[in-house]
Protein chains: 2
Amino acid sequence: MPAAAARKPRVSEKTKERRQELRTALLSAAERAIAADGLSGLKARDLAAAVGCATGAIYNVFPDLDSLILEVNARTLAVFQAHLAGQSAANDGKRLTKQDATEQLVDLGLRYLDFATGNLMRWRALFDHRMPAGHAVPSWYTDLQRPLFGLVERAIRTLQPALSEKESMLLSRSLFSAVHGMVGLGLEEKLGTLPVATLKTQLAILIRAFAAGIAQRRG
Amino acid sequence: MPAAAARKPRVSEKTKERRQELRTALLSAAERAIAADGLSGLKARDLAAAVGCATGAIYNVFPDLDSLILEVNARTLAVFQAHLAGQSAANDGKRLTKQDATEQLVDLGLRYLDFATGNLMRWRALFDHRMPAGHAVPSWYTDLQRPLFGLVERAIRTLQPALSEKESMLLSRSLFSAVHGMVGLGLEEKLGTLPVATLKTQLAILIRAFAAGIAQRRG
């Protein structure tokens, strides 16, 4: 729409550069704040103070705090996924046995736990953050999350080759979510945090039971 | 300690009664606010306005907002637990077969989903609320949560009688947490909400696979 474009004030190269620097500084400050105190303590005023800008200046580079949080979470997702991929990446291209597939799922569960305990606040922020009512999650963010379930999918299809693509995708999301719930409630202070060694054993038991059940399943 | 008691100012019966009324009114207002807008929208100022008291008056009857939220959550827990208990209560005293136990676990999972979809914001508040740093969850609240896992326990011991009490308790917490994760991420807008019918099928598959795996387990 050229009319709208014409109404837009021209932004000089210098200003663009300064804005980019401010964006980067705000993202890093928000990441540090979330890692230290969690999502609930995140305040625009504190971020502005941390990078030395006026509070209002944040909104020159992010439409709102939620957009800033989504970008911090996108960075966390990338690290999370790289952490989870370890064993699965090593097995890429190899022909998996059902036994391999089961062990790969257990390995994924333990890596999930490992990431959550090592990055508790950042990991929680991934799931605690919700868009304000009426605001949809942008599709670029939704797309970033998909590969998380994908890591589980190959192992599940190895266990039960009769599954359709849709079924194995759904089961992957389910197993991922089950592991998520076990790690989340296992580390939850309110329920009495489980020792990490106990949580590891429990994850392995549930994942192996699930894998055995899926491998047996008919139709 | 009589010395401490003597130092306490006398509170008249009339004042006690008014405080009790204010407590009740604030709890109901907070429950409504959480049910409508979730935990993150809860503000002392709005609650005071809803019941017609000064904001400061809240702190005559609750030490802080977290204590008020814990009491609202305690009410939710009671309703949640009654909702979950349905089939398990009907089976109380009956001798369960492994098949019965599996179906009871599936029923519990579906009831879990049913409660969460019917009371989304109140259910989320149970798990989203965290005590401020350095404040422990009071033991009366911790005690209220224990029976939730207990509902699963009998079925798990029926499936695998060789389990010790501690093992079956841990497995119950794990299965409860797995179902929690599936429901939580299944209803999460950010991941693309799953249709309830799909989520039901997935819960049944995962729980049956888990039950079959546990029943087979040696040692």
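The values are calculated or read from the model by the stated rules, or taken from the named source; none is laboratory data. Worth saying up front: this structure is predicted, and the values here are computed from it rather than measured. With ideal geometry, Cβ positions are generated from the backbone for all residues, glycine too; neighbour counts draw on all protein chains shown. Each accessible area value is taken on the protein alone, full model and side chains, heavy atoms only, with ligands, DNA and RNA left out. Shrake-Rupley method; radii C 1.70, N 1.55, O 1.52, S 1.80 Å.
See the values below:
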{"quantity": "Every pair of residues 6+ apart whose Cβ atoms lie under 6 Å, when the first sits in segment B:115-142 and is over 18 Å from A:Gly38 (Cα atoms) while the second is assigned to a helix (DSSP H, G or I) and among the aromatic types (Phe, Trp, Tyr)", "calculated": "B:Phe115/B:Phe80; B:Ala116/B:Trp123"}
{"quantity": "Pairs, first closer than 19 Å to A:Arg124 by Cβ in segment A:36-48, second at pLDDT below 90 and open to solvent by 90 Å² or more (accessible area, probe 1.4 Å), C-beta under 8 Å, six or more apart", "calculated": "A:Asp37/B:Ala133"}
{"quantity": "Residue in segment A:82-98 that is within 11 Å of the chain's Cα centre (by Cα) and crowded, with 19+ Cβ neighbours inside 10 Å present", "calculated": "yes"}
{"quantity": "Yes/no for A:Leu144 being open to solvent by 30 Å² or more (accessible area, probe 1.4 Å), in a helix (DSSP H, G or I) and either within 12 Å of chain B (Cβ to nearest Cβ) or not small (Gly, Ala, Ser) (or both)", "calculated": "yes"}
{"quantity": "Residue check, A:Ala162 surrounded by fewer than 17 Cβ atoms within 10 Å (Cβ to Cβ), outside any helix (DSSP H, G or I) and either more than 11 Å from chain B (Cβ to nearest Cβ) or under 15 Å from the mean Cα position of the chain (by Cα) (or both)", "calculated": "yes"}
{"quantity": "Test: residue in segment B:53-71 that is within 23 Å of A:Gly184 (Cβ to Cβ), within 11 Å of another protein chain (Cβ to nearest Cβ), in contact (Cβ under 8 Å) with a residue 12 or more places away in the chain and open to solvent by less than 20 Å² (accessible area, probe 1.4 Å)", "calculated": "yes"}
{"quantity": "Test: residue in segment B:114-137 that is more than 9 Å from every other protein chain (Cβ to nearest Cβ) and closer than 12 Å to B:Ala204 by Cβ", "calculated": "no"}
{"quantity": "Scope segment B:206-219; condition within 7 Å of chain A (Cβ to nearest Cβ) and open to solvent by less than 40 Å² (accessible area, probe 1.4 Å); matching residues", "calculated": "B:Leu206, B:Ala209, B:Phe210, B:Ala212, B:Gly213, B:Ile214"}
{"quantity": "Any chance B:Leu39 is in contact with a His (Cβ under 7 Å, 6 or more places away or on another chain) and under 30 Å from A:Gly181 (Cβ atoms)", "calculated": "yes"}
{"quantity": "The listed residue being among the aromatic types (Phe, Trp, Tyr), under 27 Å from B:Gly41 (Cα atoms) and in contact with a His (Cβ under 9 Å, 6 or more places away or on another chain), out of A:Phe115, A:Phe127", "calculated": "A:Phe127"}
{"quantity": "Tally of residues being within 18 Å of B:Pro195 (Cβ to Cβ) and of a type in the set (D, E, K, R) across segment B:112-133", "calculated": "1"}
{"quantity": "Which listed residue is buried (at least 21 other Cβ atoms within 10 Å of the Cβ), of a type outside the set (Ser, Thr, Tyr), part of a loop (DSSP other than H, G, I, E, B) and facing chain A (nearest Cβ under 10 Å), from B:Leu194, B:Leu185, B:Leu175", "calculated": "B:Leu194"}
{"quantity": "Selection within segment B:38-52 - within 14 Å of chain A (Cβ to nearest Cβ) and either surrounded by 14 or more Cβ atoms within 10 Å (Cβ to Cβ) or of a type in the set (A, V, I, L, M, F, W, C) (or both)", "calculated": "B:Gly38, B:Leu39, B:Ser40, B:Leu42"}
